[in-house]
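Structure record follows, encoded as structure tokens.
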Amino acid sequence: MAHCEQLPTAASTVDTVLTRMRALDTTLPPRDGVAVFNRVYLTVTEAVDRHIDGGRFPDARSAIALDVRFAERYLAAVDALENGRRPPACWRPLFQFRRHPGVRPLQFALSGINAHIGHDLALAVVDACRTLGCEPVDLEDEFDRVGELLVSLEERVREELMPGPDLLQIADPLTHLLGSWSLERARDATWAAARALWALRRLPDVAGEFTERLDAAVGFAGRMLLTPLPD
């Protein structure tokens with residue numbers, strides 16, 4: 001794989017996004033839907049940071065750039081909400097339903113993962129390519145390794161947040177609802193979307209329409225994942 005141009009100042013930026021996520025973790029109520037997702041994503045980002053420090057990415061600078069641009073998309077959505085601006089459509093369901101008593105923690109977590117993978121990651125690949133002066137194919141190894149971490153984490157999240165056998169009335173519809181969404185399929189679609197957006201970078205009107213439709217479609221899926229369930 002041809003590697004991207006290295007950024008001399010990229011190494012310090014992972015700490016910046018980690019600091020912001022940790023601050024959110026301390027300020028949000030534990031049951032808040034954004035807090036549930038933030039804890040999941042903080043775990044992912046810490047794992048990526050450990051993998052980078054451990055030399056498990058073939059191109060650490062590219063991995064850092066992708067990780068940071070990815071996190072910045074989520075943090076920008078949170079900032080938009082806090083500052084009275086309209087966040088991307090993919091994040092609106094989570095922000096709107098974050099305190100709904102009929103939505104389970106697992107739903108909050110997966111709705112956030114859906115927004116972040118389905119929409120933000122595609123744009124983050126393009127952001128990182130522009131920052132690094134490279135092509136999406138140059139980030140494919142880093143993309144795949146981050147994706148592997150996300151898949152393993154999603155499995156753990158499902159195990160930890162799925163209601164136990166004493167709550168089968170909840171678990172039955174929850175299992176049915178969440179079985180309709182797959183992180184691996186979402187990740188594959190995201191890579192295709194990132195490549196398409198890169199190919200469209202010199203056609204801003206078309207790229208903008210593509211991004212808007214992607215945002216809306218991911219938001220629709222997120223809203224379905226947050227369907228309130230009976231007690």
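Report, in degrees rounded to the nearest 10, the 0 to 90 angle that the Cα long axis of helix 60-82 makes with the longest principal axis of the chain.
It is inclined by approximately 50 degrees.
How charged is the neighbourhood of E155? Take every other residue with its Cβ under 12 Å from the Cβ of E155, and add Lys/Arg as +1 and Asp/Glu as -1.
Local charge sum for E155: -3.
Restricting everything to alpha-carbon atoms, can you work out Rg to Rh for the stretch 19-140 with a Kirkwood hydrodynamic radius?
Rounded to two decimals, Rg/Rh equals 0.99.
Once neighbouring chains are kept in place and the probe is 1.4 Å, which whole percent of the accessible area of the stretch 35-86 is contributed by carbon and sulfur?
42
Counting helices only, and only those DSSP H runs with n ≥ 4, report the 222 nm mean residue ellipticity of the chain as the sum of -39,500 (n - 2.57) divided by its residues, in deg cm²/dmol to the nearest 500.
That calculation yields -23000 deg cm²/dmol at 222 nm.
Between the DSSP loop rule and a limit of at most 13 other Cβ atoms within 10 Å, which chymotrypsin sites (Phe, Trp or Tyr not before Pro) in the stretch 8-72 are left?
Answer by residue number: there is no such site.
Within the chain, which is the longest segment that contains none of the trypsin sites (Lys or Arg not before Pro) sitting in a DSSP loop with at most 14 other Cβ atoms within 10 Å?
Excluding the exposed sites themselves, the longest stretch runs over 100-200.
Show me, bin by bin at 10 Å from 0, the whole-percent P(r) of the chain based on Cα pairs.
8, 33, 37, 18, 4, 0
May I ask you to give the solvent-accessible area per residue for the chain, in square angstrom, as obtained with a 1.4 angstrom probe?
48
Note the angle between two axes, namely the Cα long axis of helix 13-27 and the longest principal axis of the Cα atoms of the chain, as a number of degrees from 0 to 90, rounded to the nearest 10.
The helix 13-27 is inclined about 20 degrees to the chain.
Relative to the longest principal axis of the chain, what angle (0 to 90°, nearest 10) does the C-alpha long axis of helix 168-178 take?
Rounded to the nearest ten degrees, it is 30.
Among A115, V157, V44, which residue has its Cα positioned farthest towards the positive end of the charge dipole of the chain, with +1 placed on the Cβ of Lys and Arg, -1 on the Cβ of Asp and Glu, and the dipole taken about the Cα centre?
Result: A115.
Find how much the distance from S182 to E140 grows on full extension, using 0.36 nm per residue of separation minus their present alpha carbon separation; answer in nm with one decimal.
Taking 0.36 nm per residue and subtracting the Cα distance, the gain is 13.1 nm.
The values are calculated or read from the model by the stated rules, or taken from the named source; none is laboratory data. These numbers come from a predicted model, not from an experiment. Don't worry about glycine lacking a Cβ; one is built from the backbone with ideal geometry, like all the others, and counts go over all protein chains shown. These accessible areas exclude ligands, DNA and RNA; they are computed on the full protein's heavy atoms, side chains included. Shrake-Rupley method; radii C 1.70, N 1.55, O 1.52, S 1.80 Å.
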